[in-house]
Every structure is written in C-alpha cells, then in structure tokens.
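Visitor: Mind looking over this structure? Questions follow.
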Amino acid sequence: MNAAETPFEFFTVSYLTRIGNQSAGTLAELLTGLEHCSDASIFHHTFQTLGSHHFLTEGFSNDFAQWVLSDTNRNDLAEQLAVLDIRDYVSIAALRRDLCRAVGDYCNTYPHFAGQSALERFYFCESVEVTVPLGRTARTLDEFRNGVAHLSHSGFYFHFISSRLRLQLRTNDFSHWLADGLGLQTLSESVNHIDIYTNTLDSARAKLLRLIDRERRKA
Amino acid sequence: MSETLALGRIPLDDYAELLGAGEIEELRALASPLRGRSIQMVNSTAVGGGVAEILTRLVPLAEELDLNIKWEVMSGGEDFFEVTKAFHNALHGAPYHASQKDFDVFLSYNQRNREKLALDGEFVVIHDPQPAALIEARKPGTNHWVWRCHIDLSRPNRVVWDFLEQFVSKYDGAMFSSPEFSRQLPIPQYLFYPAIDPLSEKNCELEQDFIAQVLARYDIDPQRTILTQISRFDRLKDPVGVIRAYRIVKRYFDCQLVLAGGSASDDPEGAVVLKEVLREADSDRDIKVLELPAWAPLEVNALQRASTIVLQKSLREGFGLTVSEALWKKKPVVASAVGGIPIQIIHKHTGLLAHSVEGAAYQIRFLLSHPEIAAKLGEHGHEHVKENFLITQKLKRYLTLFLTLARGS
C-alpha cells in the first residue's frame, strides 16, 4: 500500500467564546459592527457557527443571516447573507467585505428598514482557539480512514472546515494530504466537493469514508 | 467553617457510549498539558442550588483527567447570607436600598475567608458574588483568577454592581451565561453555558415500565396528548398563562396538561401562586398540578419523557435549563423568548419560541398538527444540547479557558 513520506497528523480544536463590547439593534448598527469587529468575530459568526450548528442543514449558515431572518424579519437580506459560502474565501478580510457590501447595499436601498429595531439585539462575540495534537498519525489510506472515523466533531471540523483559512487555499487538510501525501488527486477533489452546507458533520464524514472505501477497493 | 469537599468518582468513560469515544479522547488531549496543575473552585454552598449541583459532577470528572482540582466552600453567618441574598435579587434588578452596614458584613466575611482558605491554585475560579472579594488575597503576578457569574446582570441595581465591580475588574476574566447578561468591563468576558448531566437521575434513560408507573400514579393517560411544564410555582414561570394556552389548544385537540414543580410548603410565595394555579385550573380533570417532593429527579425525568410537548412559558428566566433537559430527551419544546431560552431554542430549528399565551397556543397546535416537524425539532434539539449544554462540554470549556490563560502568561 502507498505510504506518504509526511504523515497526516490528527489534531482537535476547542473554542472559547469571548463576548465583545459591540452589539446591534438595527441593520445600520449591524453594518457598523461588521465594519469594526475583529477578524476573530467574523470567524466566530461564520466559520465557527457552522461547526457549532453542524447538525442543521436547512436555513442556517451563519449567525448574521439567522439574526436578520429571525429578529429583523428581512428575508431577502437574510438570504443574501446565507448564500455567502465560506469555501469561496481564503481570508476573513474578503468575507468581511462581502458581508458589509450585502448589508450596506440593503440599507442604502431600503433606508426605512435600516433603523428599525430588531426583536433582540445581536451581540458580537469572537472565538479564541486552542488546538492540540491527538497523538495519532497516518501514513497509509487505511490508517487515514481509521483516524478520520474516530475523530470528534471538533477534530473533523478543524481539518475539514476551519483548515481552509489556515491553508489559505480553496481546500481542506484532508484533500491537501490526499493529493500531496498520497498523490490521490481525484479522491482529493471528490472530498473537497462534499457540501458542508447541505451535510451535517456526521453525514459529511460518512461521505468521506465512503469515498475512501471506494478508493481502497480500486487498489 | 470553610471546607474542602471530597466527592465520589464518576468514570469519564461512562460518557463515551452517549457522546462517542472521539469526544472523550478530545477531553483527554485538551487536559494533557494541564495534568497535575492545580485548580480551585470556590463557591458559597456545598448543597442546593445550580452551582453546587454542577460542581458535584464537574470536579470528579476533572479528577478523571488527572487535574489537581479542589472545591472550596466559603463560610458565612446568617447575616452574610441575608446580605448576599439581597445582593443577588438586586443584581437581578429587584429594588433594594443597600446600606454601608451591608457592605461591611460582606467585606468582613470575605476577609475572614481570605485568612482561612489557601487560595494558591494555579487557576482559581470564583463562583458568583458571595466570594468575589476573595480576589484581594491574590499575590500580584502569581496565579490566574476568573469570576464565573451565574446571574443575569443585564439590569443590575447600580449601587450593588458598582460595589462588586471594583473586585470583578481585578480578575483575569469573567464568564457569563449569555452575552446579554454581561457588563462593560476592562477584563475579557467569556460565554460559559450552564450544563446538564446526561447520566444524572434527571436525565438518564428510563425503563418504559417506570415511566408508565409514574403516569399511573398521577392519573395521566399515556394514550392521550400530554403537555408538560416543569417549574416551581412562581409567577415568573407563568403557570396561569400555561393553563390559558392549554385551554386554547383544547378547543382543537384532546390533551392533558401537567404542571409539576417542587413542593410549595416551605415557600410562602409559592403557596400563593399554587392557589392561583388551582383556581385557574378550576377542577379540570385533565390538568394535573403536581407538587413533587424535593423535585424528585426520576419523576421529573419520567414526566418529561412521557410528554408530547414540553413548555417553558416563563415571563423572565435565568438560563432555563429545564429546556435543555427536555431537548436532551428529544422532546419538541415551545418556550418564551426570554433570558437564556433563545440560546437553547433556535426558533424553527431546535424548538419554537413564543411571545404570548396565544402565540404559545398557536405553536403547540402547529406541532400537534405536524408531528413529523415536532420529531425533527426534538432530534435537532438533542444535537444542540449534546454540542453545547452537557457537563462534558462545560468541562471542555474550562480546559480551554485554562489553556488560554496559561498561554497568555
């Protein structure tokens, strides 16, 4: 069996939520918050919320969209925010720019909605990240499969979702290693195409394992 | 007398079946850099109340991870607890005129406890306002001190908060149950949710026979729809509003209502509210008003598991962990959008929120008409609790906090 020179090292991640000093009671205030909050705050309400609500697959993609929908009742803006796909971004700055553009354009087009009070305020928080190695590595596809199967939700999220920002590439840790470590380019691409919005973390993992099993049968 | 509590062992691996081995491996990995390092939890009571209940489970679990953790309970006389009870209510927004004498009593007991307790752990976690002034015992630049506030501070009595703030701002961080409960402070503030224990008597799996026995004991028909609210008899839990919502639902659906709470015998206000509830129930045989002895955890568990829908129609709420208890049991929940409830109920995803009697009745009718949606909400609610509101997640949050504090230094 093909063995990688550089092993895949399994990690996990844990997040502490730090409460920020900003909050928003209107869409105009949301825009101000988006413009001034920290990168860790944008990460928390987009990337990280996808991990903490990993069991939801319908109508929940980030905290901003959820708040605009449930507390300001602006379905059209909520939809615009919800369709921003974190896989399209390799930097928080670019994601922030698009969030601000969506809310800013809406406030300009509908100034009477910009100042309307929301049912509940939006509180900007940020993620404080701690990563630790799990002490397990993989050099072969079998070892890799076994490692993925036994990861916690957080570990899976760390390698499959948040890694996109760390790598600064439009890929994830798993795909990156499958291509670079084992030379399995096709498998790498298939794994990268698993939809993280329409799957739960569990169903995404099940798909990944099925793809690996198919590859193993080929060998 | 201040005391250090010793608790029985709770094997961490018992949770693996519920959560998966990967989650337990993750806890061990996070705890590994903290092995042997000293942690002190300090509060003001060994039994009774949510904090003691959580520490009773959290401390043994931390020991399972080879952390050197101790739980210290500060001592205080009747005068101290009268003052701190008044502070507690005032911080929740109740009217209160604080006197200098009250502050002196508070400071004097904190001073005495500073002399008695050896607060030399690397990480010291002080729970709630009672021991907040113990921070004065900290030697500069030595250990990490954090303050865990379990109170809603969104509308505090200004005088009492100003007094407390002088101590709180000396900590390395403060933890609140909701961003809404936090204050503008010069120190980092973190979100720490309360938690339920899936293996406790109130939440563990039960035999169907036992559930049937409990229903039979209270003359509840398991074949008919059961709506349940578990809460003490308190106007802020709006039990009368629950009965009014039930009456609206009853026009369209055959159903029973269970209102179960602790005995009102030692709570004068609870007894008054109980009378109001019985008057509103007006001898309706389908309304079961149950006074449970000392909250009978297994019976509460059985009633929640037997329910078709669980309600929490509070007018004000701290965090409202009964919601998480019901969600853990995969029950559809209709609850008010107050306090910490919207953190647990993501509207239309993990349950339904309501803002009035009529709104609650509508949401109940909707769920009774769409049992498949009710089941889905229950499933998602269970996952939401598993991810955020279990004791193991709380432990993980503490480990992350300690690692963050250690990294900072």
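Read-outs: derived from the displayed coordinates by stated rules, not from any lab. Just so you know, these numbers come straight off a predicted model, no measurement behind them. Glycine also receives a Cβ, built like all others from the backbone with ideal geometry; neighbour counts cover every protein chain displayed.
Visitor: Placing unit charges on C-beta atoms (Lys and Arg positive, Asp and Glu negative, everything else neutral), compute the dipole magnitude of region B:137-258 about its Cα centre in debye, rounded to 20.
Guide: Roughly 600 debye for region B:137-258.
Visitor: Right, here's the next one. Can you tell me the Rg and the Dmax, both Å, for the Cα atoms in region A:14-126?
Guide: Cα radius of gyration and Dmax of region A:14-126 are 13.0, 41 Å respectively.
Visitor: Assuming 0.890 mPa s and 25 °C, estimate D for chain B with Stokes-Einstein, Rh taken as the Kirkwood radius over Cα pairs, in µm²/s.
Guide: In µm²/s, the coefficient rounds to 109.
Visitor: Okay, next question. Give or take rounding to whole Å, what are the principal axis extents of the alpha carbon atoms in the protein assembly as shown, in descending order?
Guide: Between the extreme Cα coordinates on each principal axis of the protein assembly as shown lie 74, 65, 58 Å.
Visitor: About its Cα centre, what dipole magnitude does the protein assembly as shown give when the only charges are +1 on Lys and Arg Cβ and -1 on Asp and Glu Cβ, stated in debye to the nearest 20?
Guide: My answer is approximately 560 debye.
Visitor: Here's a follow-up. Could you list B:Ser231, A:Ser175 in order of exposure, starting from the residue whose Cβ has the fewest other Cβ atoms within 10 Å?
Guide: Ascending Cβ contact count within 10 Å gives the list B:Ser231, A:Ser175.
Visitor: In addition: At 25 °C and 0.890 mPa s, grab the translational diffusion coefficient of region B:208-388 from Stokes-Einstein with a Kirkwood Rh over Cα pairs, rounded to a whole number in µm² per second.
Guide: Stokes-Einstein gives a translational diffusion coefficient of 153 µm²/s.
Visitor: What would the Debye formula give as log10 I(q)/I(0) at q = 0.15, 0.29, 0.30 Å⁻¹ for the alpha-carbon point model of region B:1-40, no solvent?
Guide: Result of the Debye calculation: -0.53, -1.01, -1.02.
Visitor: Give the average over all directions of the projected area of the C-alpha convex hull of region B:1-118, one decimal, in nm².
Guide: Result: a mean projected hull area of 9.4 nm².
Visitor: Continuing with the same structure: Can you tell me what share of the DSSP beta bridges in the protein assembly as shown is antiparallel? A percent to the nearest 5 is fine.
Guide: Looking only at bridges with both residues in the protein assembly as shown, the antiparallel portion is about 30 percent.
Visitor: Let me ask you something else. For a 24 Å ceiling on Cα separation, which of these pairs sit above it: A:Lys207/B:Lys386; B:Lys202/B:Lys250; B:Lys329/B:Lys396; B:Lys70/B:Lys394?
Guide: Beyond 24 Å: B:Lys202/B:Lys250.
Visitor: Nothing charged except the Cβ atoms of Lys and Arg (+1) and of Asp and Glu (-1): what's the magnitude of the dipole of chain A about its Cα centre? Round to the nearest 20 debye.
Guide: The calculated dipole for chain A is roughly 600 debye.
Visitor: While we're on this one: By average Cβ neighbour count within 10 Å, what is the ranking of B:317-330, B:273-286, A:143-156 from highest down?
Guide: Ranking, from highest mean packing down: B:317-330, A:143-156, B:273-286.
Visitor: Along the charge dipole of region B:260-388, pointing to its positive end and built from +1/-1 on Cβ of Lys, Arg, Asp and Glu, which listed residue (B:Ala361, B:Ala374, B:Val310) has its Cα farthest out?
Guide: B:Ala374
Visitor: Can you bin every Cα-Cα distance in region B:303-409 into 5 Å intervals starting at zero and give me the percent of pairs per bin, rounded to whole numbers?
Guide: Values per bin, smallest distances first: 2, 13, 22, 21, 16, 8, 6, 5, 3, 2, 1, 0.
Visitor: Arranged from highest to lowest average of other beta-carbon atoms within 10 Å per residue, in what order do the peptides B:233-239, A:188-194 appear?
Guide: B:233-239, A:188-194
Visitor: Taking amide H positions as placed 1.01 Å from N in the peptide plane, with prolines and chain starts having none, which residues 5 or more places from B:Leu292, or on another chain, fall under 5 Å of its amide H?
Guide: B:Gly261, B:Gly262, B:Ser263
Visitor: Report the equivalent ellipsoid semi-axes for chain A in whole Å, largest first, defined as the square roots of five times the eigenvalues of the gyration tensor built from alpha carbon atoms.
Guide: Its equivalent ellipsoid spans semi-axes of 37, 16, 14 Å.
Visitor: Can you tell me the Rg and the Dmax, both Å, for the Cα atoms in region A:136-219?
Guide: That works out to 11.7, 33 Å for Rg and Dmax.
Visitor: Considering only B:Gly262, A:Pro7, B:Ile345, whose Cα is most displaced toward the positive end of the charge dipole of the protein assembly as shown, charges sitting on Cβ of Lys, Arg (+1) and Asp, Glu (-1)?
Guide: In the protein assembly as shown, that residue is A:Pro7.
Visitor: Count, for each residue of B:25-38, the Cβ atoms from other chains sitting within 10 Å of its Cβ, then give me the mean as a whole number.
Guide: Whole-number average of other-chain Cβ neighbours for B:25-38 is 4.
Visitor: Counting other beta carbons within 10 Å of each residue's own, what order do A:Thr6, B:Thr350, B:Thr56, A:Thr46 fall into, fewest first?
Guide: Ascending number of Cβ neighbours within 10 Å: A:Thr6, B:Thr56, A:Thr46, B:Thr350.
Visitor: Same structure again: Let me confirm one metric for peptide A:127-136, namely the mean number of other chain beta-carbon atoms within 10 Å of its residues' beta-carbons.
Guide: 5
Visitor: Using a 10 Å cut-off on Cβ to Cβ distances, tally the other chain neighbours for every residue of A:19-26 and report the average as a whole number.
Guide: Other-chain Cβ atoms within 10 Å of each residue's Cβ, averaged: 3.
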